[in-house]
Every structure is written in C-alpha cells, then in structure tokens.
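**Student:** A single structure is presented below for examination.
Only the coordinates and a few stated rules stand behind these numbers; no lab work does. Remember, it's a predicted structure, so these values are computed and weren't measured experimentally. Don't worry about glycine lacking a Cβ; one is built from the backbone with ideal geometry, like all the others, and counts go over all protein chains shown.
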Amino acid sequence: MKDYESFEGVYEDHVDMVYNLCLNYLQNKEEAEEACQDVFLKVHEKWEIFSGKSSAKTYIYRISINQCLDVIKARKRQKRFGFHIPLFFTNNEENVREFELPDFNHPGIQLEDKEAIFLLFRKINRLPDSQKTALILKTIDGESIQQISEVMKTSTKAVESLLSRARANLKAMEAE
Amino acid sequence: MKKEYDIEVFNRIQKVKAPAYLKTRIAGRLTAQVQEQMPLVRVYSLALAIAILFVMNFNVLAMSLGNKQTELKGIEILSTSLGITSYNQLYND
C-alpha cells in the first residue's frame with residue numbers, strides 16, 4: 001500500500017479513475033465533474049479516519065460509488081417533484097423511462113458508438129444498484145473480481161453472481 | 001442490429017483525463033470550507049455569553065418572586081395590627 005504524505009498526491013493518483021467512474025455511472029459530464037469534486041472533498045475530510053484500513057484505491061472507489069448513487073437519488077427526487085414528466089404521456093413504460101434519463105454527455109465515447117452505448121447505458125440504468133456497480137467496474141473500468149469484491153464489501157462468489165445476473169437481465173431486456 | 005448493443009461495445013469507451021480546472025475548484029472549495037468554520041474561541045465565548053444571560057435571567061426571576069412574598073407578609077402584619085381583614089368580606093362570619 002502506498003503511503004501518501006499529502007492530499008495532492010492522492011488527488012493526482014486517483015483523479016482520472018474517479019472522474020471516469022463518475023462519467024460511466026452518471027453519463028453526464030457536468031454531473032460527473034461535480035461528483036468528482038465532492039468525492040475529493042470527502043476524501044480530504046475523512047483521510048485521517050481511514051488510516052490504512054484498506055487500500056486508498058478501494059476507499060476512494062467506495063466514496064465515488066456512494067457519491068454517484070446520491071446524485072442519482074437526488075436526480076430522481078428532483079424529477080418526481082418537478083414537472084419533467086408531461087401531463088399527457090401514454091402509459092407506456094419505455095415512454096416513462098425516457099424522462100428518467102439524464103442528458104447523455106460522455107466525452108469518452110466516439111460519435112459513431114454513441115447510439116449503441118447510449119442504448120446499452122439506458123438498459124444498465126434499469127439494473128439494481130449492486131448489479132450496475134459490478135458491471136461498470138468489471139466491463140468498463142476493467143477491475144478484477146477480487147478488487148470489485150473489496151470495493152463492494154462482499155465475496156468474490158457474490159460478485160460473480162451479480163455479474164451473471166446483470167448479464168441475464170440485460171439479455172432479458174434485449175428480448176423485450 | 002442486436003449485435004450492436006452487445007456488452008462488448010463498452011470496450012470502445014475511452015478513458016478520459018480529468019479536466020485540469022477540477023483541481024482549482026476543489027482547492028477553492030476547501031479554502032471556502034475552512035473560512036466557513038467558526039474559530040473555537042468564538043464558539044466558546046458565545047456559549048459563555050448565553051450561559052451568563054441564563055443565570056442573570058434566573059436571578060432576576062428569583063428575586064422578583066421573593067419580593068412579592070415579603071410584600072404580602074407586610075400587608076398581613078399591617079391589617080392585623082389595625083384590626084381589619086385583608087380579605088374582601090364585609091361581615092366577620
């Protein structure tokens with residue numbers, strides 16, 4: 001485990017990882033930037049409490065995921081009380097889902113892949129939080145099962161099960 | 001068409017470098033947080049001032065209650081020495 005003497009070192013080593021995770025989780029550049037700032041403020045605040053209980057990367061990953069989940073919760077709350085859903089929409093699930101989606105803005109996606117990835121993200125956003133987290137960490141961030149299990153505080157078997165259920169759910173959604 | 005939406009499409013997502021201005025913004029928010037925190041001396045002095053205010057209020061209330069009781073006693077002494085009643089009753093039944 002690397003010992004960090006200053007917050008700046010921690011920032012430099014992890015900022016890209018946090019920013020990319022936020023982007024993949026939130027799929028919106030502005031929200032990802034905001035979330036990334038909040039993550040590092042929390043890391044700064046809790047750095048002394050952490051004191052090497054798990055690796056810095058795992059710890060920052062956990063804070064980032066929780067921050068992204070908070071942003072998604074806030075987004076849903078805002079839309080529930082706002083007037084984002086039109087008054088005369090048809091009672092079609094796909095139609096309602098359309099309004100739950102953020103403005104898709106991911107700088108890491110090429111224009112030609114944008115539609116395919118957007119559609120896949122739309123399906124992933126319908127997965128339970130744990131399945132979505134495991135899938136993003138594995139398929140996009142390329143983390144190992146061991147690392148994901150540490151981040152999610154669960155066993156490697158449980159992560160494998162989450163991933164297979166996530167894939168099965170995605171296939172089922174495709175068949176819809 | 002279905003192949004297009006396969007999960008492997010995620011491999012095409014490129015890693016992005018975090019914008020440089022994020023660091024400046026975080027530094028700005030950190031300094032703003034430090035400025036927002038009230039110094040401990042000010043917190044303690046405020047608590048002390050509130051405590052003193054409570055004690056003084058309590059003393060004033062206690063003193064005013066004590067004065068009322070002594071005033072009543074004085075009226076009773078005067079009425080008995082003059083042979084009159086201190087209550088509002090016309091006939092000594």
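**Student:** Arranged by the count of other C-beta atoms within 10 angstrom, fewest first, what order do B:V16, B:V41, A:V71 take? Spell out each step's value before the answer.
**Tutor:** Working: B:V16 16, B:V41 8, A:V71 20.
Ascending number of Cβ neighbours within 10 Å: B:V41, B:V16, A:V71.
**Student:** Could I ask something else about it? Among the listed pairs A:K76/A:K114; A:K29/A:K153; A:K73/A:K123; A:K46/B:K17; A:K42/A:K114, which are separated by more than 21 Å between their Cα atoms? Could you put the intermediate results ahead of the total?
**Tutor:** On the way: A:K76/A:K114 24 Å; A:K29/A:K153 28 Å; A:K73/A:K123 17 Å; A:K46/B:K17 25 Å; A:K42/A:K114 32 Å.
Pairs exceeding the cut-off: A:K76/A:K114; A:K29/A:K153; A:K46/B:K17; A:K42/A:K114.
**Student:** Okay, next question. Fewest first, what order do A:D13, A:D38 take by the number of other Cβ atoms within 10 Å?
**Tutor:** Details: A:D13 14, A:D38 19.
In increasing order of surrounding Cβ atoms, one gets A:D13, A:D38.
**Student:** Using 7 Å Cα-to-Cβ label points, what is the A:L119/B:S81 separation (nm, one decimal)?
**Tutor:** Using points 7 Å along Cα→Cβ, the separation is 10.8 nm.
**Student:** Determine the gain in length on full extension of the stretch A:Q110-A:T154; use 0.36 nm per residue of separation and subtract their C-alpha separation, reporting nm with one decimal.
**Tutor:** Details: separation 44, 0.36 × 44 = 15.84 nm, distance 3.43 nm.
Extra length available between A:Q110 and A:T154 comes to 12.4 nm.
**Student:** Next question. What residue among B:T31, B:T80, B:T70 has the largest mean-square fluctuation in a Gaussian network model of chain B, using Cα springs under 10 Å?
**Tutor:** Greatest mean-square fluctuation among the candidates belongs to B:T80.
**Student:** To continue, here is another question. Only counting other Cβ atoms within 10 Å, I'd like B:L65, A:L23, A:L41 sorted with the fewest neighbours first.
**Tutor:** On the way: B:L65 9, A:L23 27, A:L41 16.
Neighbour counts put them in this order, fewest first: B:L65, A:L41, A:L23.
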